[in-house]
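J.: Right, I'll just put the structure down here and ask away after.
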Number of protein chains: 2
Amino acid sequence: METQILKGAPVAAAMNETMKADTAALKEKGIVPTLAVLRVGARADDLSYERGAMKRAAAVGIEVRNVVLPEDVDGDTFFRTLEELNEDASVHGILMFRPLPKHLDGEKARQMLVPSKDVDGCTDGSLAGVFTNTSLGFAPCTAQAAMEILHYYGIPVSGLRAAVIGRSLVIGRPVAMMLMHENATVTVCHTRTKDVPAVTREADLVIAASGQMESVGREYLREGQIVIDVGIGWNEEKQKLCGDVRFEEAEGLVSALTPVPGGVGSVTTAVLCRHVVDAAMKCG
Amino acid sequence: METQILKGAPVAAAMNETMKADTAALKEKGIVPTLAVLRVGARADDLSYERGAMKRAAAVGIEVRNVVLPEDVDGDTFFRTLEELNEDASVHGILMFRPLPKHLDGEKARQMLVPSKDVDGCTDGSLAGVFTNTSLGFAPCTAQAAMEILHYYGIPVSGLRAAVIGRSLVIGRPVAMMLMHENATVTVCHTRTKDVPAVTREADLVIAASGQMESVGREYLREGQIVIDVGIGWNEEKQKLCGDVRFEEAEGLVSALTPVPGGVGSVTTAVLCRHVVDAAMKCG
């Protein structure tokens, strides 16, 4: 069976076009959608994500304000900075890199961030919104990126049985809720699930989000499935980026599959930017 | 096969004993756990629940403050009353009957209630706590009552496959999350699920919470299952209270089953009181 490869690039490109139109309309009203990126120190993965987000933001007309604090910043300075960004009406979204260094209270920071600017979906307000299906805050970007791919490729979710592997707050739990809100019948698998392959084989749609590289092989899958691979990690042996799914075992078996890289990950920053534009539109 | 009937009364009785000890200890510190019951008008089901809650509260040493406003109370008065209860340090929990009359903004009221006093688990703070598995606010009482029954009867949830029928915010979604936090593998079924009996027959544990009276019959069930019936309604034809499960079809087939009445419903006010005591203990 030929497997449709669900690439992220056209999804992001379509989102870009809509955002460009929206930012142009906002600018006519004198509003420049602005994302503050709050980073403490200079971790490699933060820097890499920041570069991707800044590139995407520039392409769609979002201004980025980089707020960089030293690794050893004191708590007072950090929380004052966050509070100022909360209160600054010219900032529409705040991307706060986490985890914060150990000497800063990460939980306090998460609680302090106002849900209306929580474009990365990490506050309780945003998570309550995902749970209750209201527009309080914003969904976590990766979870929404998986949904955007399904929408773009016209894959109707309603009535499908879906299996989500992984129950994290950044992807497993929120994507399960988002699928349920679109009328899928969702099962969440996790480390304590007895027979994950038995569950996933029953599903029409599999979301692989355990973060266990190449853990999902042929025995988890069957013909006709749609598989969204949320994992991404560096495979030392193969010397390349790999997802949670063994791509070569899934290809040719399932109906549709996202690649890694070039799948969900390539849509995540587009979702982040979409949230900034949405936040700015609420002010306009 | 003989079916164990999981009655609620011994569960509530055990909870009462613990609460009595806790309220006695609090009183030695000069703290009287206090529940404010905020009711607008006099709907029959509100009055019935209020009577049950007051009786339970009296039995365990919780003081109840009844705040009754007329059906046509104006918004200013209602919201000022709620705000005063939020701010009153001698009130530990607030039970606000909903839905409110149409001329009052129910969503605003729900948002205004402080999560630390939200003993009925209706605010976004409480719901975020259920989703993230933190002790922010309180779980909805009925969802927790189902869990209390499982705990009391020593039914280990970890590793089980569970099917929840219904996705409401008062029971289906929160109980699904609570089961998942205890390591069950949970599937949520709803009106758009294609073959609910096929899903529930796979499960070891079935939570019937669709609110469709006597909708769950033999074809949904199999030997060895544990069945928790959350439904309760008046069956005109039979002239008695019935649950979502056809009791006579489940009895003799499944391993364990909650009755209606006398099952989940009889534990709900004990959970409400437990929350009030917990809220008071946080102040002590």
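The values are calculated or read from the model by the stated rules, or taken from the named source; none is laboratory data. The structure displayed is predicted, hence computed values, not measured ones. When we count neighbours, we look across all protein chains shown, and the Cβ atoms used for this are built from the backbone with ideal geometry, even at glycine.
J.: Taking the stretch A:221-253, which residues are over 24 Å from the mean Cα position of the chain (by Cα) and more than 17 Å from A:Thr3 (Cβ to Cβ)?
T.: Answer for the stretch A:221-253, where residues must be over 24 Å from the mean Cα position of the chain (by Cα) and more than 17 Å from A:Thr3 (Cβ to Cβ): A:Glu236, A:Glu237, A:Lys238, A:Gln239.
Each row is one residue, and each column tells you yes or no for (1) within 22 Å of A:Ala109 (Cβ to Cβ); (2) hydrophobic (A, V, I, L, M, F, W, C).
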site: A:Lys7; (1), (2): no, no
site: A:Lys20; (1), (2): no, no
site: A:Val37; (1), (2): yes, yes
site: A:Asp45; (1), (2): yes, no
site: A:Ala58; (1), (2): no, yes
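J.: Within the stretch A:219-238, track down each residue that is outside any strand (DSSP E or B) and either surrounded by 14 or more Cβ atoms within 10 Å (Cβ to Cβ) or at pLDDT below 95 (or both).
T.: Across the stretch A:219-238, the qualifying residues are A:Tyr220, A:Leu221, A:Arg222, A:Gln225, A:Val230, A:Gly231, A:Ile232, A:Glu236, A:Glu237, A:Lys238.
J.: Let me ask something else about it. Residue check: is B:Leu241 touching a Pro at 6+ places or on another chain (Cβ under 7 Å) and surrounded by fewer than 24 Cβ atoms within 10 Å (Cβ to Cβ)?
T.: For B:Leu241, the condition - touching a Pro at 6+ places or on another chain (Cβ under 7 Å) and surrounded by fewer than 24 Cβ atoms within 10 Å (Cβ to Cβ) - is met.
J.: Of all residues in the stretch A:160-176, count the ones that are in contact with a helix residue (DSSP H, G or I) (Cβ under 7 Å, 6 or more places away or on another chain) and either of a type in the set (D, E, K, R) or buried (at least 24 other Cβ atoms within 10 Å of the Cβ) (or both).
T.: Final tally of qualifying residues: 10.
J.: Let me ask something additional. Please determine, by comparing only the residues of the stretch A:93-103 that are touching an Asp or Glu at 6+ places or on another chain (Cβ under 9 Å) and either among the hydrophobic types (A, V, I, L, M, F, W, C) or without any contact (Cβ under 8 Å) to a residue 12 or more places away in the chain (or both), which one is surrounded by the most Cβ atoms within 10 Å (Cβ to Cβ).
T.: A:Leu95
J.: Quick one: in the stretch A:177-196, which of the residues that are crowded, with 19+ Cβ neighbours inside 10 Å and in a helix (DSSP H, G or I) is nearest to the chain's Cα centre (by Cα)?
T.: Per the stated criteria, the residue is A:Met178.
J.: Still on this structure, I have one more. So, A:Glu87, is that one on the phi < 0 side of the Ramachandran plot and modelled with pLDDT under 95 or not?
T.: For A:Glu87, the condition - on the phi < 0 side of the Ramachandran plot and modelled with pLDDT under 95 - is not met.
J.: Look through A:Ser116, A:Ser90 and report the one residue that is hydroxyl-bearing (Ser, Thr, Tyr), surrounded by 14 or more Cβ atoms within 10 Å (Cβ to Cβ) and out of contact with any helix residue (DSSP H, G or I) (no Cβ under 6 Å at 6 or more places or on another chain).
T.: A:Ser116
J.: Report every pair of residues separated by at least 6 positions or lying on different chains whose Cβ atoms are under 7 Å apart, first residue within the stretch A:230-245 and without any contact (Cβ under 8 Å) to a residue 24 or more places away in the chain, second buried (at least 24 other Cβ atoms within 10 Å of the Cβ) and not acidic (Asp, Glu).
T.: A:Leu241/A:Val260
J.: With A:Gly137, A:Gly125 as the choices, which residue is in a helix (DSSP H, G or I), within 14 Å of another protein chain (Cβ to nearest Cβ) and out of contact with any Cys (no Cβ under 7 Å at 6 or more places or on another chain)?
T.: Sole residue among the options that is in a helix (DSSP H, G or I), within 14 Å of another protein chain (Cβ to nearest Cβ) and out of contact with any Cys (no Cβ under 7 Å at 6 or more places or on another chain): A:Gly125.
J.: Right, another one. Please verify whether B:Val271 is over 25 Å from B:Glu63 (Cα atoms), modelled with pLDDT of 95 or more and not small (Gly, Ala, Ser), treating the condition exactly as stated.
T.: Spelling it out, it is not the case that B:Val271 is over 25 Å from B:Glu63 (Cα atoms), modelled with pLDDT of 95 or more and not small (Gly, Ala, Ser).
J.: Quick check on my filter: what residues within the stretch A:119-129 are within 18 Å of A:Lys282 (Cβ to Cβ) and out of contact with any Phe, Trp or Tyr (no Cβ under 6 Å at 6 or more places or on another chain)?
T.: Selection gives A:Asp120, A:Thr123, A:Gly125, A:Ala128, A:Gly129.
J.: Oh, and also: Which one of B:Ala59, B:Ala24 is in a helix (DSSP H, G or I), in contact with a Gly (Cβ under 7 Å, 6 or more places away or on another chain) and of a type in the set (A, V, I, L, M)?
T.: Step by step, each of B:Ala59, B:Ala24 is checked, and only B:Ala24 is in a helix (DSSP H, G or I), in contact with a Gly (Cβ under 7 Å, 6 or more places away or on another chain) and of a type in the set (A, V, I, L, M).
J.: Could I ask something else about it? Limited to the stretch B:82-122, what total is found for residues that are outside any loop (DSSP other than H, G, I, E, B), under 25 Å from the mean Cα position of the chain (by Cα) and under 21 Å from B:Ala53 (Cβ atoms)?
T.: 13
J.: What is the number of the single condition among (1) under 19 Å from A:Cys273 (Cα atoms); (2) at pLDDT 95 or above; (3) surrounded by 12 or more Cβ atoms within 10 Å (Cβ to Cβ) that A:Tyr49 does not meet?
T.: (2)
J.: Look through A:Glu202, A:Glu182 and report the one residue that is acidic (Asp, Glu), within 11 Å of another protein chain (Cβ to nearest Cβ) and without any contact (Cβ under 8 Å) to a residue 40 or more places away in the chain.
T.: Unique residue meeting the criteria: A:Glu182.
J.: Check off (1) of a type in the set (Lys, Arg); (2) under 18 Å from the mean Cα position of the chain (by Cα); (3) more than 10 Å from chain A (Cβ to nearest Cβ) for B:Arg218 and give me the number that stays unchecked.
T.: (2)
J.: Which members of the stretch A:251-267 meet the condition of being buried (at least 24 other Cβ atoms within 10 Å of the Cβ) and either at pLDDT below 95 or within 14 Å of A:Gln225 (Cβ to Cβ) (or both)?
T.: Correct list: A:Leu257, A:Thr258.
J.: Collect the residues in the stretch A:158-176 that are facing chain B (nearest Cβ under 8 Å) and either more than 16 Å from the chain's Cα centre (by Cα) or of a type in the set (A, V, I, L, M, F, W, C) (or both), keeping them in residue-number order.
T.: A:Ser158, A:Gly159, A:Arg161, A:Leu169
J.: If you don't mind, another one. In the stretch B:147-154, is there at least one residue being charged (D, E, K, R) and assigned to a loop (DSSP other than H, G, I, E, B)?
T.: No: zero hits.
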